[in-house]
Amino acid sequence: MKIFLLGVISILVLFSGCNILLPSNPEDKFKQEKVPMKDFKLAELQEERKDFPSSPLVQSNDNKIDKTNSNNDKNESSPHEKDDKDEIDNTNNVVETAPKPNVQSCEEISFVSPKVLDLLGCEIIQILAQPERVNSFKLKSKPDPSLPIANRLGIYPIQANGQGQNLEGVNLQKFQELVFSEKSYHFEMVKSCRFRPNIGLHFVKGDKAVEVLLSFSCNLWTFVYGETEKLENFDPIQSQLIFLNSLFSINTEDSST
């Protein structure tokens, strides 16, 4: 019996000791000692990541993303920006052409008499004043406009083997002075004789040409430029134009054949 009582007492003592150790409200104790594991782990991981550099693989991927985005931005440029670039490129590729030379006006050519300027016109005078070459030809007096242009001057055929020496140098200068002087003409004289040219001069400048046809039988000369023809007298200088015969191997004769 004593042994039984001692056992009960010891059990009671043990039970009372457990009550002393346990809190009066076990749930409150759990709440006080509960650790926010999720927040702790996240904070701890963030701190550890600060201490170590990021992985090179991650960096390379980030760079790839950045490059891809930048390329997309370039490719997605607005059409207006593209047009502006093309405009700039086209402007830079423009080839500058050489400025056209200023053609001297007839009014600035002081050695041309005003009456001669009115008669011949500016374009004819410019060609006569600065020709690249002047060919001379003996002509048939009978007109034949049906011939090819290469075989005639104006409407008058070139004689067989009728090409003479080129008019140049001192002889060209002498002829120009005579043509540009109003003293070489009889502007008010009217003749009844027929125009029968013996000699023709072909003034060439670039793709333009003026033909001067001379008839010594009637002392008349005609200036032909395209569809334009100017006929006048050269009686005052007939003797001064005889030098043109020296361009040919034989004297010029009036030929109707």
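Taken together, the values in this text are just the output of simple stated rules run on the coordinates, not laboratory data. Note that the coordinates shown come from a computational prediction; the quantities given were computed from them, not determined experimentally. When we count neighbours, we look across all protein chains shown, and the Cβ atoms used for this are built from the backbone with ideal geometry, even at glycine.
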Quiz item: Using a basic spin-label model with each label point 7 Å from the Cα along Cα→Cβ, how many nm lie between residue 168 and residue 118?
Solution: 3.8 nm
Exercise. Count the net charge of all other residues whose Cβ sits under 13 Å from the Cβ of residue 120, scoring Lys and Arg as +1 and Asp and Glu as -1.
Key: -4
Quiz item: Which entries of 183/208; 205/230; 115/191; 142/191; 174/205; 115/208 show an alpha-carbon separation above 25 angstrom in the structure shown?
Solution: 183/208
Quiz item: Listed highest first by mean packing, meaning other Cβ atoms within 10 Å per residue, what order do 212-221, 163-172, 176-185 come in?
Solution: 212-221, 176-185, 163-172
Quiz prompt | residue 245 versus residue 229: modelled label distance in nm, points set 7 Å from Cα along the beta carbon direction | solution = 2.7 nm
Quiz prompt | Residue-count net charge about residue 187 - beta-carbon cut-off 10 Å; Lys, Arg +1, Asp, Glu -1 | solution = -3
Practice problem: Lys and Arg at +1, Asp and Glu at -1: add these up for the other residues within a Cβ distance under 10 Å of residue 240 and post the number. | Solution: 0
